[in-house]
Each structure stands twice: as structure tokens, then as C-alpha cells.
Amino acid sequence: MILGDVSKGRENNLNIMRFVAATLVIFSHCVPFSLGKGHSDVLNTFSKGEMTFGGLAVSVFFLFGGFLIARSVQNSKTAKAYFTARISRIFPCLFVVVALCALVLGPMLTNLSLSEYYTNPGTYKYLLNSVFVLVHNLPGVFTENVYGTAVNGPLWTLPVEFLCYIACFVVYKLGLLDEKKMKWTIPVVVVGYIGASVVLGSNTLLFAAVRPAILFYIGMLCYVYREKIKLSGKIAILCFIGFLLSCVLGILKITVYFVLPYALLYVAFGTRKKLSSFGCKAEISYGMYLFGSPVQQTVTMLFGGSMIPALNFLIALPIDILLAYILCVVVEHPITRLIQESKKKEKTNG
């Protein structure tokens with residue numbers, strides 16, 4: 001079974017994998033949001049602090065992001081078409097969620113008066129999140145929560161993701177996105193990764209952005225060499241076992257790039273039965289990611305600032321799914337239709 005053959009159409013498990021990944025983010029965050037920053041999920045403990053379920057979910061998003069964006073940049077006729085697709089995917093939903101947090105959720109939850117809240121510069125600084133300027137707090141919001149006052153910490157991955165989009169376009173324009181030339185980027189990325197490990201080794205927050213970026217690159221590699229990659233269930237199982245052993249041995253920081261991508265690609269494209277119809281009418285994983293932390297922090301606040309993690313997860317998940325679905329229908333679908341209509345007009349006029 002060749003990856004290039006089974007990844008051509010829409011018969012895959014990508015939507016359900018994204019949904020599971022978004023759910024894992026909520027599952028991962030329910031522990032620190034409920035008990036405090038010193039606590040984490042079971043995968044973090046099992047892997048000796050090298051990966052949380054949230055980190056695993058981000059790995060899923062970035063690996064398949066690299067694979068699909070490499071295909072998208074080759075199919076896009078112009079830079080305008082490529083970046084229009086990327087911008088329309090990220091920014092409208094992001095802006096809506098950021099605005100709702102600042103102008104609706106914040107006033108409802110703040111311990112300040114409404115006049116104090118709306119005249120506080122911090123309220124409007126929070127809107128900068130919609131253009132990737134990260135501002136974590138809103139005035140007087142979540143001040144009693146055991147986790148702290150951060151409203152939506154996971155937004156840090158979005159500027160990393162968009163930088164990966166730009167890097168993919170640059171690689172394409174340089175003519176490197178083909179089988180003959182892409183291999184020469186590997187030593188450059190390896191040296192860059194080693195350098196980042198040395199320079200940022202003591203800064204775990206900054207280095208956390210390196211892993212998703214490398215997995216995005218691996219996704220690009222897998223797309224370029226898709227006709228040479230054979231998918232095998234036995235190899236996928238071995239990779240999964242390797243992942244578990246790496247967690248036990250505490251070497252996942254290195255081995256994750258070798259064992260995880262193949263296993264995920266097999267689950268996405270190599271299984272006999274595929275749940276390709278899942279989420280075909282409303283792909284809500286991005287909305288779940290955007291709404292997850294504000295919803296979980298709000299649930300924790302309503303329970304007095306701390307609570308049982310499982311209860312946080314069970315309450316927050318259905319709320320998050322509902323909000324993500326509404327966001328998809330009200331914001332994402334109309335924008336997609338507008339872009340499609342614009343493309344049709346351009347073809348007609350052309």
C-alpha cells in the first residue's frame with residue numbers, strides 16, 4: 001500500500017483524528033486547570049515529562065498540516081490563492097473567539113465593575129491575540145482560579161503554524177518541493193534542530209515550538225516522497241510500541257520524529273475501513289481548539305476556582321463541541337462560500 005495512492009482522494013480518517021486530537025487537548029488541560037500548574041496528565045507522567053496529551057494533539061495537527069499544506073501550495077496557482085486560503089482558515093474564527101472572550105465572556109466573569117473593565121487598556125490589548133500578539137489575561141478574569149488568569153494559552157501554536165505556512169511557500173518557490181531537491185533540506189533542518197536544542201535547551205517554552213515545526217516539516221517530507229512510502233500495519237504497530245518504549249525510557253524527545261509520524265499516517269490513510277464521512281458537513285476541531293481553554297477556565301471558576309479534573313472534562317467537552325459547531329456554521333462556512341464564489345467570478349471574468 002503506497003501512501004501516494006491512498007492519500008489522493010477524500011477517503012481517510014483525518015477529520016475524526018483531528019476531532020480526537022482536539023478532545024485530547026481538553027482532556028490534557030482538565031488536570032492543570034482543575035488542580036493547578038504543578039499537575040499534568042498521565043501521558044506527561046508516563047513519558048517522564050516529555051509529552052502531554054495536549055502535546056500529542058498538537059503533533060497530530062502539525063504533521064498533517066505539513067502534509068496537506070504541501071499539497072495545497074502545489075495546487076495553488078498563485079501566492080494570492082494560497083495565502084487567501086490560509087488566512088481565511090485561521091483569522092476569521094480566531095478574531096470572533098478573541099472578541100467574544102474580551103467583549104462578552106470577560107464582562108460576565110470579571111471581578112471589576114463594567115465601567116472599570118471597559119475602560120481598562122488590558123481589555124483591548126487582549127484583542128491583539130487576533131493578530132498573533134499573545135496577551136494571556138483579561139482584567140479581573142479568573143483571578144481566583146487555581147491555574148491562574150490565562151484565558152487562552154494554547155493560542156501560542158497559531159503564529160508557529162502560520163510561520164510554517166510561510167516557510168512551506170518559500171520552500172515551494174525555491175523549487176525544493178520535489179523528490180530530487182527536498183532531500184537536501186534534511187541536513188539543514190537537522191543542523192537547525194541541534195542548534196535550537198543547544199540555544200533554547202534551557203527555555204522549555206520556546207523549545208516547545210520547535211517540535212511542532214519539525215513535525216510540520218516531516219509532514220511536508222512525507223507528501224513529497226509519498227510515492228515511495230509503503231504503509232504497513234505491522235510497521236505501524238512497531239512504531240506505536242516504539243513510542244511507548246520511548247516514553248518509558250525517557251527518550252521521546254529524540255525518537256518522536258521517527259516513530260510517531262508513520263503510525264499517524266497509517267491510521268489516517270492505511271486502515272481498511274475509513275470514517276471519511278465524519279465531520280464532512282462541519283469540521284469543528286479548530287473551533288474546539290479555540291474555545292477549549294476559555295470554556296474550561298470558566299467551568300473551573302464556576303466551581304470555585306478548583307475542581308475534580310474528570311468533572312471539568314465532562315462538563316467542558318459538550319459545551320466546547322457546541323460552540324465549535326456554531327462557529328463553523330456561522331463563521332467558517334459563509335467565508336468558505338464567499339471565497340468559492342469569488343473564485344468562480346474570477347474564472348468567469350478571466
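Taken together, the values in this text are just the output of simple stated rules run on the coordinates, not laboratory data. Only a predicted model underlies this, so the values are computations on that prediction, with no experimental measurement involved. Glycine gets a Cβ as well: all are built from the backbone with ideal geometry, and neighbour counts include every protein chain shown.
Descriptive notes on the structure:
- Computed from the C-beta positions of I335 and T119 and an R0 of 35 Å, the FRET efficiency is 0.60 to the nearest 0.05.
- For the chain: relative contact order, % (alpha-carbon pairs under 8 angstrom, 6 or more apart): 32 percent
- Centre-to-centre, using Cα atoms only, the range 209-254 and the range 50-104 are separated by 21 Å.
- Folded to 0 to 90 degrees: helix 333-349 orientation relative to the chain principal axis, Cα: 50 degrees
- The slack in the chain from T84 to I166, taken as 0.36 nm per residue of separation less the alpha-carbon distance, amounts to 28.3 nm.
- Nearby aspartates and glutamates by direct alpha-carbon distance to K281 (threshold 16 angstrom, same-chain neighbours under 8 apart not counted): E11, E332
- Here the Gaussian network model covers the chain, with springs between Cα atoms less than 10 Å apart; of V160, V188, V135, V188 fluctuates the most.
- For the pair Y193 and V42, a Förster radius of 30 Å applied to the C-beta separation gives a FRET efficiency near 0.60, rounded to the nearest 0.05.
- Efficiency of FRET from Cβ geometry, K230 and F95, R₀ 45 Å, rounded to 0.05: 0.60
- Sequence-separation-based contact order of the range 13-145, relative, with Cα cut under 8 Å and 6+ spacing, percent: 17 percent
- Taking the longest Cα principal axis of the chain as reference, the axis of helix 285-302 is set at about 30 degrees.
- Tensor-based shape of the range 213-268 (alpha-carbon gyration tensor, a/c under 1.5 rounded, otherwise prolate or oblate): oblate
- With an a/c value of 1.5 or above and a/b larger than b/c for the gyration tensor axes a ≥ b ≥ c computed over the alpha-carbon atoms, the range 78-169 is described as prolate.
- For the range 246-343, the relative contact order works out to 29 percent when only alpha carbon pairs closer than 8 Å and six or more residues apart are counted.
- Over 26 Å (Cα to Cα) - which of K80/K183; K228/K273; K8/K253; K48/K228; K274/K345; K8/K344 fall in this group: K80/K183; K8/K253; K48/K228; K274/K345
- Remark: spin-label model distance L244-L275 equals 2.1 nm, labels positioned 7 Å along the Cα→Cβ axis.
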